[in-house]
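The values are calculated or read from the model by the stated rules, or taken from the named source; none is laboratory data. As the structure is a prediction and not an experimental result, all values here were calculated from the model. Please note: Cβ atoms are built from the backbone with ideal geometry, for glycine as well, and neighbour counts cover all protein chains shown. Note: areas computed on protein heavy atoms with side chains; ligands, DNA, RNA excluded. Shrake-Rupley method; radii C 1.70, N 1.55, O 1.52, S 1.80 Å.
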Amino acid sequence: MPELLPEEKKRITPKRPRDYLCWAVAIAIVGGLVHTTVTNENYQWPVVFSYFTTEAILDGLVLTLVLTVASMVLGTLLGLVLAVMRMSHQAPISGLARLYITFFRGTPVLVQLIFWFNIAALYPNVSIGIPFTDISTPVDVNALMTPLTAAIVGLTLNQAAYMAEIIRGGFASVNRGQHEAADSLGMSGFTRLRHVIIPQTMPAIIPATGNQVIGMLKETSLVSVLGVAELLNSAQSIYARTYQTIPLLIVASLWYLIMTMALSVPQSMIERRFSRSTRRPAPVAVATKESLL
């Protein structure tokens, strides 16, 4: 077996009376919560189980995952572009990225979603074409900006602002000497970014990105105000007919909890994978008589 590092070895500490007291209090609190949850008939657990795997709930669950994946992928790509712009030495480029990040981080995501859904009030029609020519195609913004489109656009643009700061923080964690070494080897900016900078930023970026994925999964519930039939909206549609509000909210909450726990497992595995190099100490050179001569 490989030798464990000092920080990886399990610490053995003697048990004290307050440790047992803390365990007793924690067990009492959890036991009380479990007891009232199981015995309180107002939770209507049979109703919860009957709706847990209904078609409407599962369809909403799939759409929630689609929104999460689409918004995170597009938001990460746009965030990478913004991070590179933010670190540019050109003041206009850096200023535009800073303005974008400030705006989208400074306004609530719910307001942004509603704004994009009603963008046709400002621009009912736009033309897409080649500049300085008569070649253009009119676009009906009202028909284009459906609730699903507005949800993806709003979540993506908001997520890009946060991912830009996460990626920029990862770039800042790379030692300046790495940049100088890449320059001395004649690497282009893109080659240096792909082979030197990004691999070293992963240990700093991955944990925060994993938290953003989980946060995005829960933020998709906000698009229910646009009428998008994701998980929460599906639950709302059912209890609007049956008036069984609490059981349907429990169904939605349980699915969100399950998905969050499922995402936490690969997040931990990826974190350990990319932090392996930072947890292993660098080999120490042993001085010999020949090396000292």
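Report Rg/Rh for segment 1-127, rounded to two decimals, where Rg is the Cα radius of gyration and Rh the Kirkwood radius.
Working: Rg = 26.2 Å, Rh = 22.1 Å.
My calculation puts Rg/Rh at 1.19.
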### Query
Considering only 217, 40, 172, whose Cα is most displaced toward the positive end of the charge dipole of the chain, charges sitting on Cβ of Lys, Arg (+1) and Asp, Glu (-1)?
172
### Task
Determine, for each peptide in 199-205, 13-19, the mean count of other beta carbons within 10 angstrom over its residues, then list the peptides with the highest first.
199-205, 13-19
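Based on Cβ point charges of +1 for Lys and Arg and -1 for Asp and Glu, what charge dipole magnitude is obtained for the chain about its Cα centre, in debye rounded to the nearest 20? Provide the component values of the computation, followed by the final result.
Details: 21 positive and 16 negative charges, 257 e Å.
Here the chain has a charge dipole of around 1240 debye.
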### Task
Give, to the nearest whole percent, the P(r) tail of segment 221-265 beyond 12 angstrom, counting all Cα pairs.
61
### Message
Using a Debye calculation, one point per C-alpha and no hydration shell, please list log10 I(q)/I(0) for segment 184-269 at q = 0.20, 0.25 Å⁻¹ in order.
### Response
-0.93, -1.15
### the chain: most fluctuating residue of 91, 172, 208 per GNM, C-alpha cutoff 10 Å
91
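So what is the calculated 222 nm ellipticity per residue for the chain, using -39500 (n - 2.57) for each DSSP H run with n of 4 or more, over all residues, to the nearest 500 deg cm²/dmol?
Here the helix-only value at 222 nm equals -22500 deg cm²/dmol.
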### Query
At each listed q (0.08, 0.09, 0.12 Å⁻¹), what is the log10 of I(q)/I(0) that the Debye formula gives for the chain modelled as equal alpha-carbon point scatterers?
-0.58, -0.70, -1.05
#### Entry: Average Cα contact separation per residue, the chain, under 8 Å, 6 or more apart, as relative contact order %
24
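Using alpha-carbon pairs under 8 Å, 6+ residues apart, how would you state the relative contact order of segment 42-180 in percent?
35
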### Message
Could you work out how much longer the chain between residue 134 and residue 38 gets when fully extended? Use 0.36 nm per residue separation minus the Cα distance between them, nm to one decimal.
### Response
27.6 nm
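Between residue 262 and residue 175, what length in nm is gained on full extension when 0.36 nm per residue of separation is reduced by their alpha carbon distance? If you can, show how the numbers build up before the last one.
Details: separation 87, 0.36 × 87 = 31.32 nm, distance 3.44 nm.
Stretched out fully, the residue 262 to residue 175 stretch lengthens by 27.9 nm.
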### Query
Once the mean 1/r over all distinct Cα pairs of segment 136-175 is inverted, what Kirkwood radius in angstroms do you read off?
12.6
### Query
Using every alpha carbon pair in segment 92-211, what percent of pairs falls into each 5 Å bin from 0 up to the bin containing the largest distance?
2, 9, 13, 13, 15, 14, 10, 10, 8, 5, 1
#### Entry: Area accessible to solvent at residue 195, 1.4 Å probe radius, in Å²
100
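For the chain, which DSSP H helices look membrane-span-like by this rule: Cα extent along the axis of 30 Å or more and mean Kyte-Doolittle of at least -1.0? Numbers along the way, then the final one.
Working: long enough: 17-39 (33 Å, 1.02); 55-86 (45 Å, 1.92); 147-172 (38 Å, 0.93); 245-274 (43 Å, 1.08).
Length and hydropathy pass: 17-39, 55-86, 147-172, 245-274.
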